[in-house]
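K.L.:
So that we are looking at the same thing, I have put the structure below in structure tokens.
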């Protein structure tokens, strides 16, 4: 082997080692970043699953309370403090309760004889919350109940607002 000017730079001996090391380094960087990406996405998926489980439980509890209000002629009683219109139930592994509050039944606008309209607010909260307020509510729904008090008596319920 002679070491003339520039001759040793042109030799290909040992180049495979440099190529292999470069490949391993690049592959290691890509594998590490993909591993971190997968870990972050897995944690985000777990948090989203927990959040959605709570939201779906609140949704189901409010749906049940709406059906109860639609079918029961005695609910809710206006002028009272918010009452539990759906006792705490475990839905999706989360204990949710729904509180109802209502306005006083008033005649429709324009007035229709024998028809009263009442606005009812449903608030779903975790059972661990002592007082279910709008700030701690998981879901708030507002509905209007139209009661026909003349014969034949009937009642309809229309959801006017739904916020998560």
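The values are calculated or read from the model by the stated rules, or taken from the named source; none is laboratory data. Keep in mind the model is a prediction, meaning the values are calculated, not measured. Cβ placement follows ideal geometry from the backbone for every residue including glycine, while neighbour counts extend to all protein chains displayed.
K.L.:
With (1) surrounded by fewer than 17 Cβ atoms within 10 Å (Cβ to Cβ); (2) modelled with pLDDT of 75 or more; (3) within 27 Å of the chain's Cα centre (by Cα) as the list, and residue 139 as the residue in question, which single condition is left unmet?
P.N.:
Failing condition for residue 139: (1).
K.L.:
Between 81, 73, 69, which is under 18 Å from residue 137 (Cβ atoms), over 21 Å from the mean Cα position of the chain (by Cα), at pLDDT below 90 and loosely packed, with under 14 Cβ neighbours inside 10 Å?
P.N.:
Selected residue: 81, the only one of 81, 73, 69 that is under 18 Å from residue 137 (Cβ atoms), over 21 Å from the mean Cα position of the chain (by Cα), at pLDDT below 90 and loosely packed, with under 14 Cβ neighbours inside 10 Å.
K.L.:
Return yes when residue 16 is part of a helix (DSSP H, G or I) and modelled with pLDDT under 90 and no when it is not. First the steps, then the outcome.
P.N.:
On the way: part of a helix (DSSP H, G or I): yes; modelled with pLDDT under 90: yes.
Answer is yes for this residue.
K.L.:
Oh, and also: Can you tell me which residue among 157, 116 is in contact with a helix residue (DSSP H, G or I) (Cβ under 6 Å, 6 or more places away or on another chain), assigned to a strand (DSSP E or B) and over 19 Å from residue 57 (Cβ atoms)? Before you say what the answer is, go through the steps one by one.
P.N.:
On the way: 116 fails: in contact with a helix residue (DSSP H, G or I) (Cβ under 6 Å, 6 or more places away or on another chain).
Residue meeting the stated conditions: 157.
For every residue, the table says whether it meets (1) closer than 19 Å to residue 67 by Cβ; (2) touching a residue at least 24 places away in the same chain (Cβ under 8 Å).
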{"residue": "102", "(1), (2)": "yes, yes"}
{"residue": "109", "(1), (2)": "no, no"}
{"residue": "115", "(1), (2)": "no, yes"}
{"residue": "120", "(1), (2)": "yes, yes"}
{"residue": "128", "(1), (2)": "no, yes"}
{"residue": "131", "(1), (2)": "no, no"}
{"residue": "146", "(1), (2)": "yes, yes"}
